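A short worksheet on the structure shown next.
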Amino acid sequence: MTYDYPYELVWMTTQRHGTPHAPALQAANPGLEIHVSAPPAGADQSGYQMAWRNCDRNIRTWWLANRDITTAAAYLFVEYDVLVTVDLRDHIKPLFSGRGIAGPAVKLPIRDRRSYWPLREIPRLPRVMQGLAIALAPLAVLLISRPALDAAFALEYDPVFDEDIFCELRLPTVIRHAGFGVTSLDLPGVHCKPYIPAPETPGIYHPVKPSFSSS
């Protein structure tokens with residue numbers, strides 16, 4: 001039996017959190033190639049900065065370290081508290097030509113500036129990017145093409161990732177500036193507020209918080 005996935009998956013997590021929902025995902029996707037990104041917090045970055053505001057830096061770090069040893073056409077970046085109990089191929093399709101990144105919901109300045117506060121950080125972007133500003137929320141499930149990863153994390157964008165700019169705004173805007181389209185995924189179970197889905201309802205859910213010991 002062969003399995004044909006149009007992407008490989010990368011769990012985005014920390015040493016503390018691990019991958020608590022990996023068994024469920026693997027049971028539903030037995031042939032999917034899976035990687036784990038669990039960097040320790042940097043000495044110069046708080047957990048708040050790296051795990052939330054600037055979590056796209058962790059995607060960047062993983063890509064720069066692994067792009068030469070992986071060969072997939074696209075990568076599905078999934079946060080540790082995403083619960084997947086379905087075949088991902090039925091719910092997350094390959095990116096259309098010209099599209100570089102897809103996430104749960106597209107946020108646009110002309111429509112969402114009042115209701116979506118990260119768009120207030122547009123002035124933190126380089127001036128040449130401000131007119132292209134776009135956001136994806138949340139970044140819990142992201143499909144990014146290989147060419148878009150290479151372009152967004154090229155040396156020319158290093159100064160942008162050195163700045164403190166909310167990740168949901170910065171990463172999609174950089175990819176758009178690099179010449180790629182930004183689009184949404186149909187993920188009705190991916191939100192920001194924690195909840196527990198009904199066990200009899202298969203799907204893709206976020207955030208499903210497991211219990212952690214204090215040790």
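Only the coordinates and a few stated rules stand behind these numbers; no lab work does. Everything numeric here is computed off the predicted structure, so don't read it as measured data. Here the Cβ is made from the backbone with ideal geometry for all residues, glycine too, and neighbour counts use every protein chain on show.
Worth a mention:
- Reported label for calculated Kirkwood radius over Cα pairs in Å given (i) 21.1; (ii) 20.1; (iii) 17.7: (iii)
- Cα centroid of segment 7-37 to Cα centroid of segment 130-149, whole Å: 20
- Spin-label model, D87 to Q26: label points 7 Å out along the Cα-to-beta-carbon direction sit 2.0 nm apart.
- Taking label points 7 Å from Cα along the Cα-to-Cβ direction, T14 and H35 give a separation of 2.2 nm.
- Net charge over other residues, Cβ less than 13 angstrom from the Cβ of L171 (K, R count +1; D, E count -1): +2
- Cα-projected label distance for I196 with D164, points at 7 Å along beta-carbon direction, nm: 3.7
- Helix 167-177 axis, angle to the chain major axis (alpha carbon atoms, nearest 10°): 70
- Charge context of W52, other residues only, Cβ under 12 angstrom, K/R +1, D/E -1: -2
- Extent of segment 82-129 along its three principal axes (Cα atoms, max minus min coordinate, largest first): 40, 25, 18 Å.
- Descending principal axes extents, segment 99-215, alpha-carbon based, whole Å: 47, 34, 31
- In degrees, nearest ten, helix 56-66 long axis to first principal axis of the chain (Cα): 70
- Qualifying lysines (Cα of each under 22 Å from Cα of K107; at least 8 residues distant if same chain): K93, K193
- Segment 8-205 - charge dipole about Cα centre, Lys and Arg +1 at Cβ, Asp and Glu -1, debye rounded to 20: 620
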